[in-house]
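Notes follow the structure.
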Amino acid sequence: MKVLVAVKPVIDCDVKFLIKEDNSRINFNNLKFIINPFDENAIEEAVRLKEAGKVSEIIVVSIGPSQSKNIIFTALAFGADRGIFIVNEDTKLQPLAIAKLLKIIAIRELPAMIIAGKQSIDDNLGQTGQMLSALLGWSQGTFVSKLIINSTNVEVIREIDNGLETIVLSLPTVITVDLRINKPRYASLSNIIKAKKKPIDILSSIDLCNDISPHLITLKIEELKRHKFGINLANVTELIDKLKIKVI
Amino acid sequence: MSALVIAEHNNITLEPTTLNTITAAKQLDEDIHILIAGHMIYQIADIATKIDSVTKVLLADNIIYAHGLAEPLSSLITEIGHNYHAILASATTHSKNVLPRVAALFDVAQISDVSNIISNDTFIRQIYTGKALEILKSKDNIKIITVRSSSFKEAKNTGGHAIIETVSNKNYSLCSSFLSRQINKSRRPELITSKIIISGGRGIGSIENFKLLEVVADKLGAAVGATRAAVDSGFATTDMQIGQSGKIVSPELYIAVAISGAPQHIAGISDSKIIVAINKDKDAPIISIADYFIVGDLYQILPELVTELNK
Ligand SMILES: Cc1cc2nc3c(=O)[nH]c(=O)nc-3n(C[C@H](O)[C@H](O)[C@H](O)COP(=O)(O)OP(=O)(O)OC[C@H]3O[C@@H](n4cnc5c(N)ncnc54)[C@H](O)[C@@H]3O)c2cc1C
């Protein structure tokens, strides 16, 4: 079984984000890109399935500005077999556009399964996998914390608002995973060296799809100041007194 | 044109968050229709006809919708949805599963987790784990919106006189099937709508200690939440996780016990009115967003809290 893993380059959350003076948009200059954490779990799952003999080839695909290309090497060092990097320099792509580009790659590669993270840590939208599944007309399993490959289908456990749900997906399928599905490994030095030799196909977003312009326009971004100067209470009695006035 | 709200339910009762979504929809249109897709859902349909401002209940009763599977449900919504300028649902795992598909099938964007509606095409949502607000404008003719329930009041479930119309969809593929569901039933309030929440972090240390939180919760009529680390430690179930990758809450009172206050957790609680932190570390980041805090050991403070509340 061939598996396609979609990984998003995101800004390392340890880097403080900046809002420009005119409140317009977040400044991405000189920031370091990492693999979106949820997508790291997606790669790890594919690699484990390959080690278990259930998967024959892992292709990792990523879309982003050229300075984010490094994340493809990281994915290859984790154990993906080859990479596809779609360069998109200008505007930040929205989930629908990403889904359209991934659909084209899916049609080209025809994997039996596409795995991605359930959301990204920057926009937190959690839409791309579902949109991709709908555009392809494939089955869908989201928020997955356990994945079992059977001979003709895939069984997944999904984390839902009031518990867990098990569904069966016919192939081909699109799956989005939670952090709980596995614990991603560290890439060993020898694997990092090997990754440099693995093939990477570099494509351009505008060559692949002419319909990727944004549908949502950001008018303004405002920083929210959350800091409070809280009152230090000595004991529970003081707390209850305060809360009695305010809420309970 | 009207606005369409997708009801969330378990085939027997309507999820209260649907009522919050109706309030959001009212800011976009005076004429609101509600879609109830499921199996043997007549009881809910009847309840829905009485919701304030709802003029039409669209009833899709078919075994294929019984478990809310994304593929048939999204094709149903897409078939009936072109009559509407806005389609809304609460930002729950149920609609996060279904609505992006609907958006893609309409070739429009989804506007996720909206906390404020400025006009028919302009919305506010939080980004960067709650560190910033984004004001955005949609260029699409159909707006697909998920709503942050806690930002909108519940609509009244009386006073409405909606008509019922049955709908069905012709084209759907059954490429997935439902096997089982393990529901964690709780007698406590739902996290996302609860007025008071007490949450425990990794520092709670054991399932037994976590039970102490439940005792306090029951005294306060509160819901119990957890951090991802507490869930991963096995103290709490996944549905109790609050934060960036769990539930977003905004109670009147949030009590954080042995929670350090990682940005991913804060993302889920920053709209709480009053935050109380109980932590043995006076430098824990949670302190900087707390209204009140007690620096001390939970092994001492929690039992004291129980005794004090018993008075
Ligand atoms: C992509 C991503 C998504 C994430 N999503 C979420 C999310 O949705 N929700 C979430 O919560 N986390 C999330 N996390 C995890 C998050 O980064 C933190 O690791 C987590 O919130 C820490 O949980 P905690 O505060 O319980 O544990 P810790 O950070 O370990 O803090 C434990 C606290 O308990 C205190 N303590 C210990 N013993 C005692 C005692 N006896 N008495 C009093 N205080 C005590 C300590 O002082 C400490 O402050 C995410 C992480 C990533 C990378």
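The values are calculated or read from the model by the stated rules, or taken from the named source; none is laboratory data. Keep in mind it's a predicted model, so treat the numbers as computed, not measured. Every residue, glycine as well, gets a Cβ built from its backbone with ideal geometry; the counts of neighbours run over all protein chains shown. When the accessible area is computed, the model is the full protein with side chains, heavy atoms only, and any ligands, DNA or RNA have been set aside. Shrake-Rupley method; radii C 1.70, N 1.55, O 1.52, S 1.80 Å.
For region A:222-234, in order, what is each residue's ³J(HN,Hα) by Karplus, 6.51 cos²θ - 1.76 cosθ + 1.60 with θ = phi - 60°, in whole Hz (x at glycine and Pro)?
Here the 3J(HN,Hα) series is 10, 6, 9, 8, 9, 5, 10, 9, x, 9, 7, 9, 7 Hz.
Let me check against my output: what whole-number percent is the relative contact order of region B:2-166, with C-alpha pairs under 8 Å and at least 6 apart?
Working: 371 pairs, mean separation 50.9, N = 165.
With pairs under 8 Å counted, the relative contact order is 31 percent.
How charged is the neighbourhood of B:Lys219? Take every other residue with its Cβ under 11 Å from the Cβ of B:Lys219, and add Lys/Arg as +1 and Asp/Glu as -1.
Values: positive: B:Lys311; negative: B:Glu214, B:Asp218, B:Glu308.
Combined, the nearby Lys, Arg, Asp and Glu give -2.
Using amide H atoms built in the peptide plane, which far-off residues or other-chain residues are under 5 Å from B:Ser194 H to H?
none
Give me the Kirkwood hydrodynamic radius of the protein assembly as shown in Å, from all C-alpha pairs, to one decimal place? Don't skip to the end; give the middle numbers.
Working: mean 1/r = 0.0410 Å⁻¹.
It works out to 24.4 Å.
Would you rank A:Lys220, A:Lys2 by solvent-accessible area, highest first, keeping every protein chain in place and using a 1.4 Å probe?
Values: A:Lys220 75, A:Lys2 55 Å².
So, going from the largest accessible area down, we get A:Lys220, A:Lys2.
Return the sequence-ordered ³J(HN,Hα) values of region B:155-170 in whole Hz as given by the Karplus equation 6.51 cos²θ - 1.76 cosθ + 1.60 applied to θ = phi - 60°, using x for Gly and Pro.
Using θ = phi - 60°, the values come out as 6, 5, 9, 9, x, x, 9, 7, 8, 9, 10, 8, 10, 8, 10, 8 Hz.
Quick one: Karplus J couplings for region B:114-126, per residue in order, coefficients 6.51, -1.76, 1.60, θ = phi - 60°, nearest Hz, x for Gly and Pro?
So the Karplus estimates, Gly and Pro as x, are 6, 10, 7, 10, 8, 7, 4, 10, 10, 9, 10, 9, 8 Hz.
How big is the gap, in Å, between the Cα center of region B:101-146 and the Cα center of region B:46-63?
25 Å
Please list the non-local residues whose amide H lies under 5 Å from the amide H of A:Leu203, H modeled 1.01 Å from N, same-chain partners needing a gap of 5 or more.
Amide H neighbours of A:Leu203, under 5 Å, 5+ apart: A:Phe85, A:Ile86, A:Val87.
What's the angle, to the nearest 10 degrees (0 to 90), between helix B:298-310's Cα axis and the longest principal axis of chain B?
70 degrees
Compare A:Met131, B:Met40 by solvent-accessible area with a 1.4 Å probe and give them largest first, with all protein chains kept in place.
Values: A:Met131 0, B:Met40 125 Å².
From most exposed to least exposed: B:Met40, A:Met131.
Can you tally the net charge around A:Ile105? Count Lys and Arg as +1, Asp and Glu as -1, for every other residue whose Cβ sits under 13 Å from the Cβ of A:Ile105.
On the way: positive: A:Lys2, A:Arg82, A:Lys100, A:Lys103, A:Arg108; negative: A:Glu109, A:Asp201, A:Asp207.
Local charge sum for A:Ile105: +2.
Give the angle, between 0 and 90 degrees and rounded to the nearest 10, that separates the Cα long axis of helix B:207-220 from the longest principal axis of the Cα atoms of chain B.
The angle comes out at about 70 degrees.
Once the other residues with Cβ under 13 Å from the Cβ of B:Ser149 are scored (Lys, Arg +1; Asp, Glu -1), what is the net sum?
Working: positive: B:Lys96, B:Arg148, B:Lys153, B:Lys247; negative: A:Asp161, B:Glu8, B:Glu15, B:Asp113, B:Glu154, B:Glu190, B:Asp271.
Within the 13 Å Cβ shell, the charges total -3.
For region B:196-310, take N as its residue count and report Rg(C-alpha) divided by 2.2 N^0.38 Å. The partial results should precede the final answer.
Working: Rg = 12.4 Å, N = 115, 2.2 N^0.38 = 13.4 Å.
Normalised by 2.2 N^0.38 Å, the Cα Rg of region B:196-310 equals 0.93.
Modelled label-to-label distance, B:Leu179 and B:Val306, 7 Å Cα→beta-carbon offset: nm?
3.9 nm
Choose one of B:Leu4, B:Val167, B:Asn116: the residue whose Cα lies farthest towards the positive end of the charge dipole of chain B (beta-carbon charges +1 Lys, Arg; -1 Asp, Glu; about the Cα centre).
Of the options given, the answer is B:Asn116.
What distance in nm separates the simple spin-label points at B:Met1 and B:Glu214, each placed 7 Å from Cα in the Cβ direction?
Here the answer is 4.9 nm between the modelled labels.
Placing unit charges on C-beta atoms (Lys and Arg positive, Asp and Glu negative, everything else neutral), compute the dipole magnitude of region B:224-311 about its Cα centre in debye, rounded to 20.
Numbers: 6 positive and 10 negative charges, 15 e Å.
Using only the charged Cβ atoms, the result is roughly 80 debye.
Which one, A:Ile148, A:Ile35, A:Ile63, has the greatest fluctuation when you compute a Gaussian network model over chain A with C-alpha springs under 10 angstrom?
Between A:Ile148, A:Ile35, A:Ile63, it is A:Ile148 that shows the largest mean-square fluctuation.
Note down the relative contact order for chain A as a percent, whole number, built from C-alpha pairs under 8 angstrom at least six residues apart.
Values: 469 pairs, mean separation 59.6, N = 248.
Computed value for chain A: 24 percent relative contact order.
As a test of understanding, state the convex hull volume per residue of region A:109-248 from its alpha carbons, in Å³. It would help to have the intermediate numbers written out before the result.
Values: hull volume 39.4 nm³, N = 140.
Taking the convex hull of the Cα positions in region A:109-248, it is 281 Å³ per residue.
Relative to the first principal axis of the alpha-carbon coordinates of chain B, what is the inclination of helix B:17-26, with its axis defined by its Cα atoms, in degrees from 0 to 90 and to the nearest 10?
With both axes taken from Cα atoms, the answer is about 60 degrees.
Who wins for biggest fluctuation among A:Ala75, A:Ala106, A:Ala234 in a Gaussian network model of chain A, springs between alpha carbons below 10 Å?
A:Ala234
To the nearest 100 Å², how much accessible surface do chains B and A cover up together, summed over both, with a 1.4 Å probe?
Values: alone 15270 and 14420 Å², together 23070 Å².
Summing both sides, the interface buries roughly 6600 Å².
Hey, can you grab everything whose amide H is under 5 Å from the amide H of B:Val147? Only 5+ residues off in sequence or another chain; H modelled, so Pro and N-termini drop out.
The list, which skips near neighbours in sequence, is B:Ala89, B:Ser90, B:Ala91, B:Asp113, B:Val114.
Can you give the FRET efficiency to the nearest 0.05 for B:Ile63 and A:Ser151, using r as the Cβ-Cβ distance and R₀ = 30 Å?
Numbers: r = 26 Å, r/R0 = 0.88.
Efficiency, rounded to the nearest 0.05: 0.70.
Okay, helix-only estimate at 222 nm for the protein assembly as shown: each DSSP H run of n ≥ 4 adds -39500 (n - 2.57), divide by all residues, round to 500 deg cm²/dmol; what do you get? Mind showing how you got there, number by number?
Numbers: 15 runs with 153 residues, N = 559.
Taking each H run of at least 4 residues, the total per residue is -8000 deg cm²/dmol.
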